[in-house]
Amino acid sequence: MPRMDGRDPRQLQQLLLAKTGAALALSARRVNMAPQIPEQNAASASMATLLLTHPSFVEHDTGPGHPERADRMRAIDKVLAHEIFAGLVREEAPLRDDVEEQILLAHPKAHLEKMRAIAARPLEHPTHIDGDTVVSAGTWEAARRAVGGGLAAVDAVIEGKAANAFCQVRPPGHHAESDRAMGFCLFSNAAIAGLYARAKHGAERVAIVDFDVHHGNGTQDIFWSDKDLFYASTHEMPLFPGTGAVNERGVGNIHNAPLRARDGGEQFREAVESRILPALHNFGPDILIVSAGFDAHQADPLANLRLVEADYLWVTEKLAGIAQRHSKGRIVSMLEGGYDLNALARSTAVHVKALMDAGS
Ligand SMILES: [Zn+2]
């Protein structure tokens, strides 16, 4: 087990072992409650969880002192190198020929061209777009591969090549509105993946669930007026970016469950159980995209919620249960925030392990 900054790695191992037991119990309940066609069981048993990432993500240089930094990728690389994750199918997040075409599903051409003009320049030093959002020489490739990871993940889970997928990407995406980069985000990675599932594969109902501590104003903006697109979020409020009130409802397809500073796992689970899961179940998605930010962790320096690894395990299992019921288990999870390196690595580990167990 790679040792991370002096934390006891046995704690993670114990959590993962406990998690495996929970998954077995979940599987047993599934067998008892929901008889399935034998071929479906055989197919899902043979499919693995896909991990998409790329070395270019560390080349997106946000400059000294920026929380959304390359070390986030290195911390996750380190934890996912453990033998527990040997069953992952690992692929590079691709630089696809069609990536700009798919970006246009969520953003106007003017935004794409603006980002190209800003980020594709040979920048000597990291340059601020706004107070938070920085581009550097490596940003243009990283931003397009972050989108490309989501596209490849959607292809894989819908074509039955993977049970589910985790995209270990940066820059993150959920703050990027249709025509505006902000909050470390250039393109709305998760929304693009969801719209691509519909455009390319005919998914009729696409859901995004976002448990990053910040509200995904960008995803909400892009999904706002389409009843076949679903967006649900837990987030601390008030906090950046300021959106995410309960009364922001779109056309009844937006489900915000704000939490208060110092809320912890109990309040988080209650919000998910009462306000997100029933709505998601009623919606019945053909594919579930997860905006997986881990900055609601109690150790995170950017926010004030008090989640722990077990809460990320719990929510992943809950979402996997709904995906199993409605969308053949199809989940594409995309990394968003998470700025304490230990908490990020450990939370990502339990999330990915839960995806692996859900797919097996
Ligand atoms: Zn965040």
Query raised in the report: List the pairs whose first member sits in the stretch 188-214 and is touching a residue at least 12 places away in the same chain (Cβ under 8 Å), whose second member is in a helix (DSSP H, G or I) and of a type in the set (D, E, K, R), and whose Cβ atoms are under 7 Å apart, counting only residues at least 6 apart or on separate chains?
Result: 206/198
Report summary line: Exception for residue 171 within (1) of a type outside the set (Val, Ile, Thr); (2) out of contact with any Gly (no Cβ under 9 Å at 6 or more places or on another chain); (3) surrounded by fewer than 24 Cβ atoms within 10 Å (Cβ to Cβ) falls at (3)
Report summary line: Of all helices (runs of 4 or more DSSP H) fully inside the stretch 61-153, the set with 1 or more residues that are closer than 30 Å to residue 202 by Cα is 99-103, 109-119
**Report entry** Residues that are farther than 13 Å from residue 61 by Cβ and acidic (Asp, Glu), drawn from the stretch 124-159
**Finding:** 130, 132, 155, 159
Query raised in the report: Right, residue 348: within 16 Å of the ligand (Cβ to nearest atom), under 27 Å from residue 171 (Cβ atoms) and of a type in the set (Ser, Thr, Tyr) or not?
Result: yes
Query - Residue among 169, 209, 213 that is more than 23 Å from residue 50 (Cβ to Cβ), under 16 Å from the mean Cα position of the chain (by Cα), of a type in the set (Val, Ile, Thr) and within 16 Å of the ligand (Cβ to nearest atom) - result: 213
Query raised in the report: Can you pull out the residues in the stretch 221-234 that are part of a helix (DSSP H, G or I) and within 14 Å of the ligand (Cβ to nearest atom)?
Result: none
Query raised in the report: Which residues, counting only those in the stretch 289-345, are surrounded by fewer than 24 Cβ atoms within 10 Å (Cβ to Cβ), within 23 Å of residue 78 (Cα to Cα), among the small types (Gly, Ala, Ser) and within 16 Å of the ligand (Cβ to nearest atom)?
Result: 299
**Report entry** One residue from 217, 189 being modelled with pLDDT of 95 or more, closer than 20 Å to residue 99 by Cβ and in contact with a strand residue (DSSP E or B) (Cβ under 7 Å, 6 or more places away or on another chain)
**Finding:** 189
Query raised in the report: In the stretch 91-113, how many residues are under 15 Å from residue 181 (Cα atoms) and either under 23 Å from the mean Cα position of the chain (by Cα) or touching a residue at least 40 places away in the same chain (Cβ under 8 Å) (or both)?
Result: 8
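Could you grab me the full set of residues in the stretch 174-206 that are buried (at least 21 other Cβ atoms within 10 Å of the Cβ), part of a helix (DSSP H, G or I) and more than 16 Å from the ligand (Cβ to nearest atom)? Talk me through it step by step, then tell me what you get.
First, pick out the residues of the stretch 174-206 that are buried (at least 21 other Cβ atoms within 10 Å of the Cβ): 174-177, 181, 183-197, 203, 206.
In the following step, the residues that additionally are part of a helix (DSSP H, G or I) were identified as 189-197.
Passing the criteria: 192, 193, 194, 195, 196, 197.
The values are calculated or read from the model by the stated rules, or taken from the named source; none is laboratory data. Given the structure is predicted, the values throughout are model-derived calculations rather than measurements. Cβ coordinates were reconstructed from backbone atoms using ideal geometry, including for glycine residues, and neighbour counts include every protein chain displayed.
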